[in-house]
1. Starting from the Kirkwood radius over alpha-carbon pairs of region 636-711, derive D by Stokes-Einstein at 10 °C in a medium of 1.306 mPa s and give it in µm² s⁻¹.
2. Could you sort the peptides 787-798, 670-681 by per-residue average Cβ neighbour count (10 Å cutoff), highest mean leading?
3. Kindly state, to the nearest 0.05, the FRET efficiency for C25 paired with R690, given R0 = 41 Å and r defined as their beta-carbon distance.
4. Packing-wise, with mean Cβ within 10 Å as the measure, how do 741-754, 308-321 rank, highest first?
5. For C241, enumerate residues with amide H under 5 Å from its amide H, sequence gap 5+ or separate chain, H modeled in the peptide plane.
6. FRET efficiency for L295 and R629, Cβ-Cβ distance as r, R0 = 56 Å, nearest 0.05?
7. If you average the sequence gap of Cα pairs under 8 Å that are 6 or more apart and divide by the length of region 359-427, what percent do you get for the contact order?
8. Work out from phi, with θ = phi - 60° and the Karplus expression 6.51 cos²θ - 1.76 cosθ + 1.60, the ³J(HN,Hα) of each residue of region 790-796, listed in order in whole Hz, and give x for Gly and Pro.
Amino acid sequence: MSTALSAVAGWAAARARSVLLASACVALAAGVAATRLPVDAGPGTLVDRGSESYRATERVREVFGEEPVVVLAEGDLQELVLTPNLGRLLRLEGCLSGKVPKGAKPLPGPCAELAKLDPVQYLIGPGTFLNESVIQIDRQLERMARRVPADQLREFLLGVAARYGIASAPSISNPEFIAAVVFDLRRSRGTPKARLAYLFPNGHSAQILIRLRPDLSEAEKSRALALIRDAVYDTTPRRACTFRGKPEACFALHGGGEYVVSGAPVIGEGVAGALKDALLLLFGVAVAAMALTLLLVFRSRFRLLPLAIALAAAALTFGLLELVGGALTLASIAVLPILIGLVVDYAIQLQARHDEAAARGARGVEAARQAAARGAPAIATACLATSAGFLVLLLSPVPMIRGFSWLLAAGALLGFALALTAGSAALSLRRPPPSGDVPSLRGPYRYLRSGTSRVIGRPGWVLGVGAVLAVLGWGLGTQVGTTADVRGLAPGGSAAIRDLNRLQDSTGVSGQLQVAVEAPDLSDPATLRWMAGFKQRVLKDNGFTGARPSCLKAELCPGPALSDFLGGDQGRMSRGEIRATLGELPAYDLEQVAPVNPRTGLPGHLALLSFGIRAQSLERQQELIERVRSEVGAPGAPGGPPRGVRVRFAGLPVIAASAASSLSSSRWWLTLAGVLAVALVLLAAYRSARRALLPLVPVLLAGGWSSLALWLTQTPLNPMSAALGALTIAIATEFSVILTARFHEERGAGRDAREALHAAYARTGPAVLASAATVIAGFAVLVTSDIGMLRDFGLVTVLDLAVALLGVILALPAALVWMEER
């Protein structure tokens, strides 16, 4: 390896200008390609496409459309539905649906563009619901008038009027009728009916639910969301919309009402838009942090050369991602500062060796050869071990972590190749230092020797105490929880998150838990009885119960279900009566819960039960979903669905919680797999168990120490940092391997163990500390992100790597001396 790497470095140095020009051109082209990377913030980044939750979510999406966009109308509910505001809501719903009645023209602006794009598969809102109610009542009355004698019909209508307090004909402009439909007359004034909570969550809000077509491209979906926002917030007075004879904004609510646009698609778009912004921000901060670190600690000519090499490696890595058809995800964003720190490390190590060769009088090509011969094998071994540790994350159950894994591994290998070639070429062009002058590193590195002396004086004691603390840490680390919130996927101060919080504060929910029910016959009374019973059990067990059920207090809120269309009588209805009732309902009414078969006029084989769910920690969300799942029961068993009925859970909350659970459960075995992968690479490189395992001693001890530190500080992990063990082992191994290799090099030169250790830490230790500072700075850059999950990941990783560096400084010398003494 030494001969081959020396030859490569010499070849690059002999053709220095050509190599540098070629490297710059390729890196520039790759950087330009990287700017075209698409962004993927979809559910496929969180769970495998073959998983049950993903397949169920895609099935629901194909049939019912995308998860709902929510347009919240805030204000006194009576003011919203019992005044001309209801007409404004109905007008807005017509605009947002993109469906224009025959002979009519859409309003100019966003409404006209929505009609042209036609992005909406289904829309339900207060105006649409109430207008459809009027139409259905009129149809039922017409049917009854043809079948029932006039006196019986009159008696029936009088009974309905007495029961519901309706003294005039049903009409959307009739406040008495509207109040009877919307409000629970048995409760305090202005309290909406509990079964309509998905439209009227409480007495101060109403909402419009919009499902976009699933066949829209990402560009079309983004355009549709922008048009929806533009339409909702349009304040342009128009002649087509007048109030008291004056033009007004068509959808503006009077009486202090306001709109908020939110929902899963809006959050997804906000995350996608934020990722590219985050990449640019992190890139700028990473460059500044690395440059500052190098200027402060690296005392060498061309001290910013390692940063230039790292930037070229980052460009090549992300250009490669674009070439293979990849996309930016939340995890791949984190690769950038980490990768820059790693490659700076490789370049620093080689440059430090080049400085040593130049101080011995070597020049140009010869200095490059000597530097590579002495330093490159250890750096290459460390790079391979680190890459193997990264590639262990390919075993992760979460796709975006697997993408993070191979991207980091590829970037590390590209970075080493660039440091060996372009780095050697650039260094060969430097003006040589005076003979015997070895550039040093600034800072507290002079204390390394005294610290090392104290450690190696008591190696057994250091290792014993370290082992006890590590065992304690590994044990207590199992008690460190994993927590995250879907809101951590987007910038905390973004408009999307502010609106999501506002939606949840107003209604008590911010998303939907969707339960897909597939059955041979959805008109089967047993199936409908089970659906109704399941819904009631779930709501009761999760707080939506009692005389005054509230979405603001409950963990789940009711959404629509097929059984709702049959009222409370489905338990006594026959299959024929159920089919007759469902057959009389318009297909549009049923589309939100069970699309109608056009040949039979009846629901097909798939129905959807929805529950409103609040944004919360993914851990609690998973617990909630499991409670709901437990209410399903076994097919054919008491309380369970009839045989042949299949129940599956779908939607973003299910996918996000599933991903968090998978990451949390895989945390420890991924860490062990990382240790094993690194050990196997070192065994293959050294062909000696002793040489291979020694560098892992401080890494394993530091892993326990960092777990202890997390437990003591009560720092929770998020889904990204749950894979931290394997990542930290991979990076910390690099420092340990390089110092161990230098120790054995000094031993081979004839020094005893203690002298060799002092020499290794005096000559390579400062470079390792400088490298560690740049790697830690790379992770620290993530702390500046306004994306909560990235920020928390960076914070936890900085803590872990700082402790790992402490392990290399304290435990590695003790382990080397202790082993040599035996």
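The values are calculated or read from the model by the stated rules, or taken from the named source; none is laboratory data. All of these numbers come straight from a predicted model, not from anything done at the bench. Positions of Cβ are generated from backbone atoms using ideal geometry, with glycine treated the same way; all protein chains shown enter the neighbour counts. Surface areas here come from the heavy atoms of the whole protein model, side chains and all, with no ligands, DNA or RNA. Shrake-Rupley method; radii C 1.70, N 1.55, O 1.52, S 1.80 Å.
1. 96 µm²/s
2. Averaged packing, sorted descending, gives the order 787-798, 670-681.
3. 0.35
4. 308-321, 741-754
5. Counting only residues 5 or more places away or on other chains, the set is E248.
6. 0.50
7. 35 percent
8. Here the 3J(HN,Hα) series is 5, 4, 5, 4, x, 5, 5 Hz.
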